[in-house]
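The values are calculated or read from the model by the stated rules, or taken from the named source; none is laboratory data. Worth saying up front: this structure is predicted, and the values here are computed from it rather than measured. Every residue, glycine among them, receives a Cβ derived from its backbone with ideal geometry; neighbour counts consider all protein chains shown. Only protein heavy atoms, including side chains, enter the accessible area calculation; ligands, DNA and RNA are left aside. Shrake-Rupley method; radii C 1.70, N 1.55, O 1.52, S 1.80 Å.
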Amino acid sequence: MSEIRIGVIGAGGMGSEHARNLAAIDGVRVALVADAVRTSAEALAAVVGAEPTTDAAGLITASDVDAVVIASPDGTHADLAIAALDAGRPMLCEKPLAPTLAEATRVMVAEAATGARLIQLGFMRVFDPVHVVLRAEVEANGPVQHIRAVHRNRNEFVRTMDHAISQSLVHDVHTVRWLSGSEISQVQARVVPRGVDGVRFVTVSLALASGALATIEFDDLAFGYDVSVEVTGEHGLARTPPPADPSLHDDWFAWFSDAYRLEVEAWVASVRAGIPVGPSARDGVAAQAVVRAIQRSARSGGEETVDNPT
């Protein structure tokens, strides 16, 4: 195809980031932008030269759309992804694949039934230059023994424990799987609450099928945004470089701006070549299985086994 026409569902922060990055790629046209709020769709469409709509289902089946970005609220991902699969549309779907393991599994099964891989999932850290360098160093250091992942957000609003784990900490779960090359078999979580229903800190100890261990430290009300990883291998230690000043970063967009740009560039190239790349629907299901075990452990206070997909 000479020109790839993209439909973007969701005109919030992530949808806007993806739409602007896509519009900057030669040979790509953002054709439609859909959002439940008409004015939001119109505002983003005006920026990228697209047509606005409130009809996400109609965008997916539109004749002038070749591929779809799903960046709408988490609870809509599963149904929209399945609609895109039914229409044969390649998609970049923001994480989580779905807020629950059952819904994520439903999407994975639906994709398998098409006989093709059409989903690239938005675990963008695999495209982040810092993480790419880290992974090369990890591979050079031999089998992974331990991973320490630290994730700090600067959220003024309060999120429930389930929301914070499913929406944010899930990135760290995928990081552990991606860097170790191993599934996570057991988890144990501890939580420091924030108010009545919210969460401030979550720490998780993870046992990997390979025999390695990992820890995730998550803070939802930090001084600034920060992501760091340290990996101990059999023959050496690798870590991401320290930020110049995490307090300067209010959120993840500036921190991972290169990752988001490279992510959509890789996705567009894969759509053009017909060769899928990046995190898959199965990665989304595997991460959601760990998320569910972490949520159970946070409530029980004990160790929980992960129901990994077969």
Amide H contacts under 5 Å for ARG194, restricted to residues at least 5 apart in sequence or on another chain and with H modeled in the peptide plane, are VAL199, ARG200
Dipole of the chain [Lys/Arg +1, Asp/Glu -1 at C-beta], most positive-end residue of SER185, GLY13, ALA43 = SER185
From the square roots a ≥ b ≥ c of the eigenvalues of the alpha-carbon gyration tensor of segment 192-263, which class results: rounded (a/c under 1.5), prolate (a/b over b/c), or oblate?
-> oblate
Size of the dipole of segment 267-310 about the Cα centre, Lys and Arg at +1 and Asp and Glu at -1 on the beta carbon, nothing else charged, in debye to 20?
-> 180
Taking the dipole of the chain about the Cα centre (Lys, Arg +1; Asp, Glu -1; charges at Cβ), the one of GLY27, LEU206, LEU134 that reaches farthest to the positive side is LEU206
Counting sequence-distant residues (5 or more places) and residues on other chains, those with an amide H built under 5 Å from that of LEU221 are ASN153, ASN155
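If you put +1 on each Lys and Arg Cβ and -1 on each Asp and Glu Cβ, how big is the dipole of segment 185-310 around its Cα centre, in Debye rounded to 20? Numbers along the way, then the final one.
Working: 10 positive and 17 negative charges, 80 e Å.
For this selection, approximately 380 debye.
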Sorted largest first, the C-alpha extents of the chain along its principal axes in whole angstrom are 51, 41, 39
Roughly what angle does helix 257-273 make with the longest principal axis of the chain, taking Cα atoms, 0 to 90 degrees, to the nearest 10?
-> 60
Sort out for me the Cα centre separation of segment 241-304 from segment 109-139, rounded to whole Å.
-> 9
Cβ crowding within 10 Å averaged over residues, with 120-133, 48-61 ranked highest first = 120-133, 48-61
Where the accessible area of the chain is counted over protein heavy atoms with a 1.4 Å probe, how much of it, in %, is carbon and sulfur?
-> 54
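State whether segment 20-65 is rounded, prolate or oblate according to the following rule on the C-alpha gyration tensor (a ≥ b ≥ c being the square roots of its eigenvalues): a/c under 1.5 gives rounded; otherwise a/b larger than b/c gives prolate, and the remaining case gives oblate.
Oblate.
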Hz values of 3J(HN,Hα) by residue in segment 149-166 - Karplus curve (6.51, -1.76, 1.60), Gly and Pro given as x | 10, 10, 9, 10, 10, 10, 9, 7, 8, 8, 10, 5, 4, 4, 5, 4, 5, 6
Percent of beta bridges antiparallel (DSSP, the chain, rounded to nearest 5) = 55
Calculate the dipole size of the chain relative to its Cα centre from +1 charges on Lys and Arg beta carbons and -1 charges on Asp and Glu beta carbons; express the result in debye to the nearest 20.
-> 380
Would you compute, from DSSP H runs of 4+ residues alone, the mean residue ellipticity of the chain at 222 nm, taking -39500 (n - 2.57) per run and dividing by the full residue count, rounded to the nearest 500?
-> -11500 deg cm²/dmol
Taking square-rooted eigenvalues a ≥ b ≥ c of the alpha carbon gyration tensor, is segment 228-301 rounded, prolate or oblate, where a/c under 1.5 means rounded and, failing that, a/b exceeding b/c means prolate?
-> oblate
Using θ = phi - 60° and Karplus 6.51 cos²θ - 1.76 cosθ + 1.60, couplings along segment 96-104 (whole Hz; Gly, Pro as x) = x, 4, 6, x, 10, 4, 4, 5, 4
